[in-house]
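Heads up: the structure comes next, in C-alpha cells.
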Amino acid sequence: MGIHSICNALSHLQNASRAKLGLTSIPNTKYNLRLALALHRAGFISSVTRAGLTPPPPEALLTFEPEPVTTANVSTRRLWLGLKYFNNKPVMSKLEPVSKPKRLVTADYQQLSKIARGFQAGHVKGLNLGETLFLSTDKGVLEVREALEKRVGGLVLARIS
Amino acid sequence: MSVAARPAARRLASSVGILSSTSTTTQTTTASSQIPLCRPFSSTPTASGRRKPRFRNITARDLGLISQTSRKADTAVSEEQIDDFTTKKFPKYTDAEKAELMRMYTPEQIAALEAGEASINPKDLTIQGRLRTDIYRLPYIDDFAEHQPIIDKRPPASRSRRISPPDPNARFMNTDQFVSDLIEWADKFRVGEPTGTLKRLEDFVPEEWRKVKEAQWPGEVRDEAHSKFKKYLQEEINKAAKHQENGGVVTGGPTDADVLSYILERSVMTDNNIQTQSSLALALPDKVPGVAGLYKAAVDPADEGLDETGVYQDLKRRSGMSVQEILKLKTKTLVMNHVSNQTRMGKIGSMVVYTVAGNGDGWVGLGYAKSQEPSVANQKARLDAISKMRPIRRYEDRTVYGNVEAKVSGTVVKLFARPPGFGLRVQHRIFEICRAAGIYDLSARVPRSRNPMNTVKATIEALHNQKDPEEIAMGRGRKLVDARKVYYGGATQ
C-alpha cells in the first residue's frame, strides 16, 4: 500500500488550514479515511463526511446521510473534513510527513515510548509541546499515545501540531 | 447555461457560490473565450486564468469558525457590519433621553440640537470618525467650546474687551511723562497720608501760581514753596519712623511682584497702558485662563528626589509605575552600532542602541533608539525598553514552555527548555535577556546568521510567542496534562 496519498493529504490539509478553510476534501481511500478518523479522535478535525464532488451542506454535517458507495459513484466519492479553529488560529497548523514514498520510517514500542517523552529515537525526533505523531500499525492508524497504550509500533506517518 | 458564455458574469456568480466549478467544459470555454485587453507584461497568469480548485471548499469564515476581520490581507468590511456598528454605537435619542434634554435646554436649544443631529449621518461617524487611543494622543478631546490660549489662535478683538487695536496716537514717553507715570504707579502703594497720596510742590504755592510751571514762579515764591515742601517731607519721614518705632507695621508699598509687573507689563508708550492687538508679543498675564494650575513643578514629592531632571515623568504617566519601581528594573544595553547618513554636508553619524529591560519576574521588553549622542541614545533606548515590557510565559517560573523558535531575517533563534539547575548555557546577549526576564534554565542555538540585532529581536519574539498549553488543550477538546507535575503529586515547585 503506497503512502503517497497520505503525504498528499497532509500537504493539502496544511495548505487548507493556512488558507483558513472550514470544510475541505481529500480523496476517498481507506488509508485516508483511517488517518482522518485518527485525526478526529485526536481532536484535530471536527467532522469526517463521505460525500460527492460538492461539499455537503455545512448546517447538516452532523445529520448528513451519505449515499451508499456503489461501483457507479465510487469514483466521485470524497472525504469532507471539517477543520477546527480556536482564537482565530487553526488548531492543526503544521502537518509534516515523516514517512515518504522514498523512505518509510518505522518505530517500535521502545522507540515510541522515548519519542513520546521528548527524546530522539532512530530517525524520529522527540515530541515538542503540543506535537503528536500518527502511526500506521496492525491495529489501524493510531496516535502515538494510543499506540503506546496498545503497546504496538508501526510506520510513522506524520508529525502534527 | 446562459451565464457560461459571459466570463465576467460567470466569475461573479461563482464567487458568490451560485455555480459550482466542477464542469470542465465550462472552464475550457471560459479560458478560450478570454480576449486579453492589453498585452500582459508578466508571465503570471491573470486572476481569472488561474487554476481553480477542482473541488470547491468552504472557508472557515463562511462557516463562522473565525471572526470576520481576522485576516490581515482582507480588510474589506461588509455593509452589514458597518450598519450594525452604526446602530450600536451611534443610536438615536430615546424618549427618556429626549425628556431629560427638554428639562435641561430651552426649546430653541433643543431645535438646534436636533438640527445638528440630523445634519450628521451616523454612518459617516462610523467610517470617518476616529478617537485616538494611542499613548501619544492629546490629553483632551476638544469640542472647540472653549478658547485655549496656548493652542488656539487669538480671538478677534471684538470678542475680548481687554484686547483692542493699538492707539494710533500713542508715542514713546519723554522723561517728564515717564516720571509722572512712575509717580502715578508708585502712588498706588503710598502709606501714611490718610488720602493715600503725598502733597506735591504745587500745593505749597499761592493759588494763582499753581497752573503755571515752576520755572515761571517768582524767586521768593519758589524758595518759600521749596522750604515748606522740604519741611513737609521731613515731617512725613519722621512720622513714618515714629509709627514704625511704636510697633506699627508698614503695610502697602510695592512688593517684588509689583516691581516685576511694572518692568514687564507697564507700557512705555502714552497709550494709558492698554493692551493692544499688535504684532509685538504680549506679555503673558499672571494667570492664563485655561492653563492656570496645569503647570506643576517637575519634582513630584512621591519620587523622593530620585528624578530631579524629570526623565522618568512621561514613562511614569504611561506605565503607571513609580520612579522607585522603574529604577529597580534590570536594564542592559545589548547592541550598540554606529551608523551614518550621507548628506551634502558630509556624513552624519548616529548611534543605534538596543536595550533590554525586565523585572526579573516574567516581564521583558526590547527598546530601540537612535541619536547622534550616544548617551541620549542609551537613555531613550532604556526608556523605550521599559515602556515595551510585556509578560512572557515561563514554565515553573524558570524556563520556557517546550522548544521555541523564531526567525528574523536570516537569523533563527532556537530556545530549548531545560531541567532545574541547568543554568543559562546561551550566548551573552540571550543570557542578558533571560536574566532580565527571570529565566534561569535554558539552552539556545543560533544556527544561521548571528547578526546581533536580529538575534536579540528573534529571542524576544521567541519568548513572547510561546505556545499556551491551555489553548492547545481547548482547541483540540482534549485534556493536556503535565506529566512531571502529576508524577510529583502536582507540586509546582
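Take peptides A:43-50, A:125-132 and line them up by average Cβ neighbours within 10 Å, highest first, as a rough protection proxy.
Highest to lowest by the protection proxy: A:43-50, A:125-132.
Tell me the net charge near B:LYS328. Cut-off is 15 Å between Cβ atoms, B:LYS328 excluded, with +1 for each Lys or Arg and -1 for each Asp or Glu.
0
Please report, in debye to the nearest 20, how large the charge dipole of the range B:387-490 is about its Cα centre when each Lys and Arg carries +1 at its beta carbon and each Asp and Glu carries -1 there.
Computed charge dipole of the range B:387-490: roughly 240 debye.
How shielded is B:479-485 by partner chains, expressed as the average number of their Cβ atoms within 10 Å of its Cβ atoms?
1
By how many nm would the segment from B:MET104 to B:ASP84 lengthen if fully extended, with 0.36 nm per residue of separation less the alpha-carbon distance?
Between B:MET104 and B:ASP84, full extension yields 4.1 nm more.
Using label points projected 7 Å from each Cα along Cα→Cβ, tell me how many nm separate B:GLU208 and B:LYS407, to one decimal.
11.5
I'd like the distance separating the alpha-carbon centroids of the range B:357-375 and the range B:91-123, in whole Å.
Value for the Cα centre distance between the two parts: 51 Å.
Provide the gained length on full extension for the span B:ARG137 to B:ALA215, in nm with one decimal, where the gain is 0.36 nm per separating residue minus the Cα-Cα distance.
Stretched fully, the B:ARG137-B:ALA215 segment lengthens by 21.1 nm.
Reachable lysines from B:LYS239, Cα under 27 Å, same-chain residues fewer than 8 places away excluded?
B:LYS188, B:LYS199, B:LYS228, B:LYS230, B:LYS231
To the nearest 0.05, how large is the calculated FRET efficiency for A:SER75 and A:THR54 if R₀ is 22 Å and r is the Cβ-Cβ distance?
E(calc), rounded to 0.05, equals 0.90.
On average, how many beta carbons from a partner chain sit within 10 Å of the beta carbon of a residue in A:91-102?
1
Among the lysines, which have Cα under 16 Å from the Cα of B:LYS88 when same-chain residues fewer than 8 positions away are ignored?
Result set, ordered by chain and number: B:LYS123.
Below 8 Å between Cα atoms, with a sequence gap of 6+, how large is the relative contact order for the range B:310-391 in percent?
The value is 25 percent.
What does a probe at A:PHE86 reach in the range A:104-141, counting residues whose amide N is under 15 Å from the point 7 Å along Cα→Cβ?
A:129-132
Run the quick spin-label model on B:ALA302 and B:LYS153: label points 7 Å from Cα toward the beta carbon, then report their separation in nm to one decimal.
Result for the modelled spin labels: 4.0 nm.
Straight distance only, please: which lysines reach the Cα of B:LYS316 with their own Cα at less than 20 Å, same-chain residues fewer than 8 apart left out?
B:LYS296, B:LYS328, B:LYS330, B:LYS332, B:LYS380, B:LYS388
Multiply the residue gap between B:THR175 and B:PHE41 by 0.36 nm, knock off their C-alpha separation, and tell me the result in nm, one decimal place.
Length difference between fully extended and current span is 39.7 nm.
What is the sum of charges around B:ALA377, taking Lys and Arg as +1, Asp and Glu as -1, for the other residues whose C-beta is under 15 Å from the C-beta of B:ALA377?
Once positives and negatives cancel, what remains is +2.
Please find the FRET efficiency linking B:ASP223 to B:LYS123, where r is the Cβ-Cβ separation and R0 is fixed at 56 Å, and quote it to the nearest 0.05.
So, using R0 = 56 Å, E works out to roughly 0.05.
Could you compute Rg(Cα) / (2.2 N^0.38 Å) for chain A, with N its residue count?
With N residues counted in chain A, Rg over 2.2 N^0.38 Å equals 1.06.
How high is the relative contact order of the range B:378-464, in percent, counting Cα pairs under 8 Å that sit 6 or more residues apart?
34
State which entries of B:LYS414/B:LYS467; B:LYS347/B:LYS407; A:LYS30/A:LYS102 exceed 25 angstrom in Cα-Cα distance in the structure shown.
Violating the 25 Å Cα-Cα cut-off are B:LYS347/B:LYS407.
Could you tell me which of B:VAL376, B:ASN341, B:LEU329 has its Cα farthest along the dipole of the range B:310-391 towards the positive end, charges placed at Cβ (Lys, Arg +1; Asp, Glu -1), taken about the Cα centre?
Positive-end residue among those listed: B:ASN341.
Which FRET efficiency, nearest 0.05, do B:ARG130 and A:HIS40 yield, Cβ-Cβ r, R0 41 Å?
For R0 = 41 Å, the calculated efficiency reads 0.35.
Note down the relative contact order for the range A:4-90 as a percent, whole number, built from C-alpha pairs under 8 angstrom at least six residues apart.
39
Quickly rank B:429-438, B:102-111 as a protection proxy: mean count of other C-beta atoms within 10 Å, highest first.
Highest to lowest by the protection proxy: B:429-438, B:102-111.
Can you tell me which of A:96-109, B:53-66, A:19-32 comes out highest on packing, and rank the rest after it, using the mean Cβ neighbours within 10 Å?
A:19-32, B:53-66, A:96-109
Since every read-out is calculated from the coordinates, none of them should be taken as a lab result. Keep in mind the model is a prediction, meaning the values are calculated, not measured. Here Cβ is always computed from backbone atoms with ideal geometry, including for glycine, and neighbour counts include all displayed protein chains.
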